[in-house]
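Read the structure below first, then the notes.
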Amino acid sequence: MAFDKAFIESVRDRVSIVDVISRYVPLTRKGKENWGCCPFHTEKTASFSVNEEKNFYHCFGCGAHGDVITFLMQTQHLTFIEAIEKLCQDAGIPIPAATAEQRRRDKESHELYEVLKMAADFYKEQLYTEEGKVGLDYLKSRQLSDEMIANFHLCYAPAGNKLIQHLKAKGVPLKVILDAGLARMSERTHTPYDYFRERVLFPITDSRGRIIAFGGRIMVKDDNLPKYLNSPESLVFSKGRNLYGLAQARAEAIEK
Ligand code: ZN
């Protein structure tokens, strides 16, 4: 779960950075600073200082610098959230229960991951149909081997509203399909339509390997349509945050 900023600040204020660090690094107090041998580089004389008042550590040898949270992350190999949880546990600070708002967002995100996975499975099958052959042929013409196509989970979005039909038949509510960026409402007819049509697609994944969006290259000649199209932003997909190297490599493979 995520913690809000005010809670993170309160944890930083309530724990003593000197107490925490001295559990891992022997410190000697000299004036306002506490000194020890730096855990981030090898040294025999202490150039690592911890300042309780300013709430940070600083190494004059290697330049390592940070607060009690980064110290735990780096020396104990914890994530940001794990570091905060550890600080709370050690200091007896109660961890706030997830708020109703957080629980709602977690539930909604989970629904989006599920439907995006279902969409990816559907699109993957389409690549090997008569209609999807244009996509498969295109990928082959890009010198992509069967293995690469499988590894990158490259797939094909057919014409029409086949994805919406497929997902609705599986019981997925239209709202979830729209929220996942897989369909849009037509302003003219007020009916939903598949967001990706007649495109070779590559799934975009997050750092945990979950599908959060798709990118696609069009397979038909139509100057009114964009040649390349990415999923719109959603609860689980933010363009600034989520376009990883791997997704870009995939994109490059098909967007030429
Ligand atoms: Zn150092």
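The values are calculated or read from the model by the stated rules, or taken from the named source; none is laboratory data. Only a predicted model underlies this, so the values are computations on that prediction, with no experimental measurement involved. As a convention, Cβ positions derive from the backbone with ideal geometry for all residues, glycine included, and neighbour counts pool all protein chains shown. The accessibility values were calculated without ligands, DNA or RNA, using every heavy atom of the protein model including side chains. Shrake-Rupley method; radii C 1.70, N 1.55, O 1.52, S 1.80 Å.
A few remarks follow.
- Candidates Ile204, Ile149: the one that is modelled with pLDDT under 95 and closer than 19 Å to Ser238 by Cβ is Ile204.
- Flag for Pro192 being surrounded by 12 or more Cβ atoms within 10 Å (Cβ to Cβ) and at pLDDT 95 or above: yes
- So Gln89, is it more than 16 Å from the ligand (Cβ to nearest atom), polar (S, T, N, Q) and closer than 30 Å to Asp194 by Cα: no
- In the set (1) of a type outside the set (S, T, N, Q); (2) closer than 30 Å to Ser22 by Cα; (3) in a loop (DSSP other than H, G, I, E, B), Glu187 fails one condition alone, (2).
Residues are listed down the side, and each one gets a yes or a no for (1) among the acidic types (Asp, Glu); (2) surrounded by 19 or more Cβ atoms within 10 Å (Cβ to Cβ); (3) over 14 Å from Leu127 (Cβ atoms); (4) out of contact with any helix residue (DSSP H, G or I) (no Cβ under 7 Å at 6 or more places or on another chain):
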{"site": "Tyr156", "(1), (2), (3), (4)": "no, yes, no, no"}
{"site": "Lys162", "(1), (2), (3), (4)": "no, no, no, yes"}
{"site": "Lys175", "(1), (2), (3), (4)": "no, no, yes, yes"}
{"site": "Ser186", "(1), (2), (3), (4)": "no, no, yes, yes"}
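- Among the residues making up region 81-130, those that are surrounded by fewer than 15 Cβ atoms within 10 Å (Cβ to Cβ) and in a loop (DSSP other than H, G, I, E, B) are Gly92, Pro94, Ile95, Pro96, Ala97, Ala98, Thr99, Tyr128, Thr129, Glu130.
- Within region 50-80, considering residues that are more than 10 Å from the ligand (Cβ to nearest atom), touching a Gly at 6+ places or on another chain (Cβ under 8 Å) and in a strand (DSSP E or B), the one nearest to Ser10 (Cα to Cα): Phe56
- When Arg29 is tested against the conditions (1) more than 16 Å from the ligand (Cβ to nearest atom); (2) open to solvent by 70 Å² or more (accessible area, probe 1.4 Å); (3) more than 30 Å from Ala100 (Cα to Cα); (4) assigned to a helix (DSSP H, G or I), the lone failure is (4).
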